[in-house]
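J.: Please read through the structure below; I'll follow up with questions.
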Amino acid sequence: MVKHIEISNLLLEDYHELLEAMKAAYPLWQGAYWSEGAIDRIINQFPEGQIVIKADGKVVGCALSIIVDYEAFGDIHTYKEITGNYRFGTHNNSGNVLYGIEVFIHPDYRGLRLGRRLYDARKELCENMNLKAIVFGGRLPNYHKHAETLSPKEYIQKVKRMEIYDPVLTFQLSNDFHVKKVLKNYMPGDNESMDYATLLQWDNVYYEPNEKKQFRSKSYVRLGLVQWQMRPLRGLSELFDQIEFFVDAVSAYKSDFALFPELFNGPLLAAFNDIPEADAMRKLASFTPQIKQKFKELAISYNVNIITGSLPELVGDELKNVGFLCHRNGKIDKYEKIHITPDETKAWGIRGGNTLKVYETDAGRVGVLICYDVEFPELSRLLAEEGMQILFVPFLTDTQNAYMRVRCCAQARAIENECFVAISGSVGNLPKVANMDIQYSQSVVFTPCDFAFPYNGIKSEATQNTEMVLISDVDLSLLSELHMYGSVRNLKDRRKDFYELKIK
């Protein structure tokens, strides 16, 4: 007999008990359970929306939710689309609808009205956050028993009249949800539902359209791009002085992000001119932990999220080209250059990394591709599928034709992925540093090409080959409008029935 029932927010340490309950609730869905990484992502993005119910201290059920800008999706969508390819990049604190991702109860604890308690907790959350409604796609697990004689519409009507019992739909209707629409292929592979689902909604009668919500994402985001001058430096302290100068300058304009170029710390290689280039780059990598720590301190003290360009890093015996996203709250994420140029391999022995992800920040969802990586459109498309709004591209190019490869590809990425793209590189020369003699750069912020954006897709650009900072404001809300109402919709109109892209 259960002695104590408790409802609380899901914590990552609850995962193993959660997994046990999932497996019991969905015995036929082997291998399709939420991973620990997925649960970690959804908790980090929206902790208030992840609710668990515990019986005598043990997790026996849960309700997972995100907030979405429902107008950006409409009533016709799939589970994969609404969840951002199951990675929850579609969560938007400025959205107007609480979207249900998951609800289940361990079968040993059914009949105790625990599901109703979870739904009541969801409704309370919806009201407290002043959201318009709760919406989700509901399975029809008993429809396969009647599919030969009843259409989905007829089946739903019989469930409404209580002539047929469906464990999901009957429960939803009893909890004040109404059926908005029948969806086909909402969750492909749901054989019990014959690939059908009901789109269900509960309306918040206390919703006030003009009331300020508890959580609101930034719409206007200010970018600060550092066009870095390569100059001789006597040591790490001089490098830090130069870094802090630019962070201070960008912060003074109240920028949300500061972007540094690829391998901007190249001047420190001059101290190792007496050894082979590959060995010199490994020596340079020894400074990376200190530089990373310095950037973390500056991000906090100057209140700006810093994309550190890139730095060499030794991972075991392998030399990688990596960078760090130093959040202004002290958190640090690492990204890696995936595609290595022939020259990097030949001269320095750098190896490619395997990290590709969208980072949730307090000023939008961002991705980072280092230089050569932006010339491979698959990478940015994968990031776009996770809800990326801004793509940062730190680069290092020596000649104008090399620069134009990065520039043209970056602009294409902005158009095809309906996002902003910011690129920044270094200028000047290092006559005493092998393989880094000259640099060419013009930092730019690119936009999609549609009526709400500049006609040429260029928001702002720096002066060529001049040390400076480029400050530019971008409006993230324009991207949501573009996704739904653009003259062309590169993301929405993809023929997913014909082709697909995925990471191995």
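J.: Looking for whichever is crowded, with 18+ Cβ neighbours inside 10 Å, touching a residue at least 24 places away in the same chain (Cβ under 8 Å) and either in a helix (DSSP H, G or I) or of a type in the set (S, T, N, Q) (or both) here; the options are LEU325, LEU268. Which one fits?
T.: That would be LEU268, the only listed residue that is crowded, with 18+ Cβ neighbours inside 10 Å, touching a residue at least 24 places away in the same chain (Cβ under 8 Å) and either in a helix (DSSP H, G or I) or of a type in the set (S, T, N, Q) (or both).
J.: Moving on to the next point. Would a scan of segment 192-203 turn up a residue that is surrounded by fewer than 20 Cβ atoms within 10 Å (Cβ to Cβ), at pLDDT 90 or above and among the β-branched types (Val, Ile, Thr)?
T.: No, there is no match, as no residue in segment 192-203 is surrounded by fewer than 20 Cβ atoms within 10 Å (Cβ to Cβ), at pLDDT 90 or above and among the β-branched types (Val, Ile, Thr).
J.: Of the residues ASP108, ASP120, only one is free of Cβ contacts under 8 Å to residues at least 60 places away in the same chain and either part of a loop (DSSP other than H, G, I, E, B) or not small (Gly, Ala, Ser) (or both); which?
T.: None of the other options fit; the residue is ASP120.
J.: Next question. From SER487, SER443, which residue is closer than 18 Å to ALA412 by Cβ, hydroxyl-bearing (Ser, Thr, Tyr) and in contact (Cβ under 8 Å) with a residue 60 or more places away in the chain?
T.: SER443
J.: Give the residues of segment 343-386 that are on the phi > 0 side of the Ramachandran plot and either surrounded by fewer than 16 Cβ atoms within 10 Å (Cβ to Cβ) or in a helix (DSSP H, G or I) (or both), sorted by residue number.
T.: Passing the criteria: only CYS371.
Table: residues versus (1) of a type outside the set (Gly, Ala, Ser); (2) under 28 Å from PRO141 (Cα atoms); (3) touching a residue at least 12 places away in the same chain (Cβ under 8 Å).
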position	(1), (2), (3)
ALA24	no, yes, yes
ASP40	yes, no, yes
ALA72	no, no, yes
VAL97	yes, yes, yes
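J.: Another question, then. Which one is farthest from ASN93 (Cα to Cα) among residues in segment 182-212 that are part of a loop (DSSP other than H, G, I, E, B) and hydroxyl-bearing (Ser, Thr, Tyr)?
T.: Out of the qualifying residues, it is TYR186.
J.: Also, I was wondering about something else. Name the pairs whose Cβ atoms lie under 8 Å apart, with the first residue in segment 377-390 and assigned by TED's automatic domain parsing to the domain that holds GLU416, the second among the small types (Gly, Ala, Ser) and in a helix (DSSP H, G or I), and 6 or more positions between them or separate chains?
T.: PRO377/ALA412; MET388/SER380
J.: Same structure, new question: Tally time: how many residues in segment 13-35 are surrounded by 13 or more Cβ atoms within 10 Å (Cβ to Cβ) and either assigned to a helix (DSSP H, G or I) or not assigned by TED's automatic domain parsing to the domain that holds ASP120 (or both)?
T.: Of the residues in that region, 11 qualify.
J.: Return yes or no: is LYS153 over 30 Å from ASN417 (Cα atoms), assigned by TED's automatic domain parsing to the domain that holds ASP56 and not in a loop (DSSP other than H, G, I, E, B)?
T.: Yes: the conditions hold for LYS153.
J.: On to the next question. Can you tell me which residue in segment 468-477 is nearest to TYR403 (Cα to Cα), limited to those that are surrounded by 19 or more Cβ atoms within 10 Å (Cβ to Cβ) and under 23 Å from the mean Cα position of the chain (by Cα)?
T.: Among them, the one singled out is SER472.
J.: Please work out if TYR143 is surrounded by 14 or more Cβ atoms within 10 Å (Cβ to Cβ) and of a type in the set (Ser, Thr, Tyr).
T.: yes
J.: Something else about it: Any chance you could count how many residues in segment 70-89 are in a helix (DSSP H, G or I) and surrounded by 15 or more Cβ atoms within 10 Å (Cβ to Cβ)?
T.: 6
J.: Just checking, does segment 445-467 include any residue being assigned to a loop (DSSP other than H, G, I, E, B), touching a Ser or Thr at 6+ places or on another chain (Cβ under 6 Å) and buried (at least 21 other Cβ atoms within 10 Å of the Cβ)?
T.: yes
The values are calculated or read from the model by the stated rules, or taken from the named source; none is laboratory data. Just so we're clear, the structure is a prediction, and the values are computed from it rather than from any experiment. Glycine gets a Cβ as well: all are built from the backbone with ideal geometry, and neighbour counts include every protein chain shown.
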